[in-house]
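The values are calculated or read from the model by the stated rules, or taken from the named source; none is laboratory data. Given the structure is predicted, the values throughout are model-derived calculations rather than measurements. Glycine gets a Cβ as well: all are built from the backbone with ideal geometry, and neighbour counts include every protein chain shown.
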Amino acid sequence: MTNRVEMRPVPDIPYTIKVSRRARYARLRISPHEGLIVVVPENFDRMDVPGLVESRRAWITKVQGSFDLRRVSGVSDTGAELPSRIELQGIGESWKVTYCREDRGRVLVREASCDELILSGPMHDAASCQAALESWLKLQADRKLAPQLERLASIHGFSFSEVSVRKQRSRWGSCSSRGTISLNLKLLFLPPLLVRYIMIHELCHTRHMNHSRRYWAEVARFDPDFALHDREMRHAWRFVPGWLVLES
């Protein structure tokens with residue numbers, strides 16, 4: 001359980017503090033939509049947070065800059081940032097996006113070929129364009145991520161009750177006590193090894209509903225590099241394009 005506490009930021013580096021009962025030490029994480037988060041244990045002296053943030057200034061600046069570099073480029077005639085191409089690393093696909101202004105009430109998406117999407121309708125409505133693209137991404141995730149999870153489970157002898165795919169704000173995946181695994185559709189944008197790590201992570205929760213030593217030993221059986229992948233996941237939001245994480 002965490003409690004969020006707003007603090008005075010270091011000059012030009014705003015941040016939010018999260019006090020976590022499970023945290024053993026202070027750590028930093030950054031996402032495009034939440035910004036810089038400082039996660040600290042309950043007994044951590046909050047007066048030490050500004051110094052911690054300042055000491056990591058170079059790293060913070062580098063990661064924040066990478067968000068801009070990794071955003072999908074291309075501005076539609078609406079003046080809003082919408083993609084001209086969608087790169088789905090997680091499933092090895094790249095799609096060109098074409099926008100066609102048409103006199104209709106809503107935005108429609110269709111696959112014109114194996115690598116081109118066409119959006120048609122009121123192109124001045126950026127929010128509707130974004131929503132249409134998100135609906136298409138949800139369909140792609142259902143088509144590709146869910147079967148990938150099922151294959152991993154079959155290969156390694158796991159079982160789960162069902163899988164759902166949703167656009168989640170801060171969690172890449174979860175597993176309920178009933179064996180329902182939920183995946184974030186944003187996994188489509190991550191490198192394949194990280195997608196596999198998240199799936200293994202959640203599948204192992206079907207056997208251990210905790211993060212005990214036994215749980216991590218189970219993860220290590222199927223992903224010997226899990227510690228490296230876990231560290232990389234702390235900054236994996238940099239792979240998600242800006243147009244998707246913006247709230248409409």
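Considered as a group, the residues in the stretch 176-201 that are out of contact with any Gly (no Cβ under 9 Å at 6 or more places or on another chain), without any contact (Cβ under 8 Å) to a residue 40 or more places away in the chain and not in a loop (DSSP other than H, G, I, E, B) include one that is surrounded by the most Cβ atoms within 10 Å (Cβ to Cβ), and that residue is Y197. Only residues that are without any contact (Cβ under 8 Å) to a residue 60 or more places away in the chain, polar (S, T, N, Q) and not in a strand (DSSP E or B) were counted across the stretch 157-175, and they come to 3. Taking the criterion of being within 17 Å of the chain's Cα centre (by Cα) and at pLDDT 70 or above, the residues of the stretch 65-91 that qualify are I86, E87, L88, Q89, G90, I91. Scanning the stretch 151-178 for residues that are over 24 Å from P224 (Cα atoms) and more than 16 Å from the chain's Cα centre (by Cα) yields S161, E162, V163, S176, S177, R178.
The combined condition, being at pLDDT below 75 and outside the structural domain of S128 (by TED's automatic domain parsing), is not fulfilled by A58. The condition of being buried (at least 19 other Cβ atoms within 10 Å of the Cβ), at pLDDT 90 or above and over 13 Å from the mean Cα position of the chain (by Cα) holds for L145. Looking across the stretch 210-241, the residues that are of a type in the set (D, E, K, R) and either under 15 Å from Q148 (Cβ atoms) or in contact with a strand residue (DSSP E or B) (Cβ under 7 Å, 6 or more places away or on another chain) (or both) come down to D223, R234. Cβ separations smaller than 9 Å between residues 6+ apart or across chains give the following pairs from the stretch 131-148 residues that are free of Cβ contacts under 8 Å to residues at least 40 places away in the same chain to residues that are assigned to a helix (DSSP H, G or I): D142/L185; R143/I91.
Identify, please: which residue in the stretch 91-113 is farther than 14 Å from L137 by Cα and acidic (D, E) and is, among those, surrounded by the fewest Cβ atoms within 10 Å (Cβ to Cβ)? Among residues in the stretch 91-113 that are farther than 14 Å from L137 by Cα and acidic (D, E), the one surrounded by the fewest Cβ atoms within 10 Å (Cβ to Cβ) is D103.
In the stretch 13-29, the residues that are over 11 Å from N43 (Cβ atoms) and free of Cβ contacts under 8 Å to residues at least 24 places away in the same chain never reach a residue that is of a type outside the set (A, V, I, L, M, F, W, C) and part of a loop (DSSP other than H, G, I, E, B) with C-beta atoms less than 6 angstrom apart, at least six apart or across chains.
β-branched (V, I, T), assigned by TED's automatic domain parsing to the domain that holds H208, out of contact with any His (no Cβ under 9 Å at 6 or more places or on another chain) and more than 25 Å from D225 (Cα to Cα), is that true of V195? It is false that V195 is β-branched (V, I, T), assigned by TED's automatic domain parsing to the domain that holds H208, out of contact with any His (no Cβ under 9 Å at 6 or more places or on another chain) and more than 25 Å from D225 (Cα to Cα).
For residues in the stretch 28-45 being modelled with pLDDT of 85 or more and not hydrophobic (A, V, I, L, M, F, W, C), which is surrounded by the fewest Cβ atoms within 10 Å (Cβ to Cβ)? Among them, the one singled out is N43. All conditions in (1) modelled with pLDDT under 80; (2) of a type outside the set (S, T, N, Q); (3) more than 23 Å from the chain's Cα centre (by Cα) hold for R22, with the sole exception of (3).
Scan the stretch 191-209 for residues that are out of contact with any strand residue (DSSP E or B) (no Cβ under 6 Å at 6 or more places or on another chain) and among the hydrophobic types (A, V, I, L, M, F, W, C) and jot them down. If the condition is that a residue be out of contact with any strand residue (DSSP E or B) (no Cβ under 6 Å at 6 or more places or on another chain) and among the hydrophobic types (A, V, I, L, M, F, W, C), then L193, L194, V195, M199, I200, L203, C204, M209 are the ones that fit.
Hey, among the residues in the stretch 114-125 that are of a type in the set (A, V, I, L, M) and crowded, with 19+ Cβ neighbours inside 10 Å, which one's nearest to the chain's Cα centre (by Cα)?
Restricting attention to the stretch 114-125, the residues satisfying the condition of being of a type in the set (A, V, I, L, M) are 117-119, 123.
From the residues that got through so far, the ones that are crowded, with 19+ Cβ neighbours inside 10 Å too are 117, 119, 123.
Numbers: L117: 22, L119: 24, M123: 27 Å.
This residue is L117.
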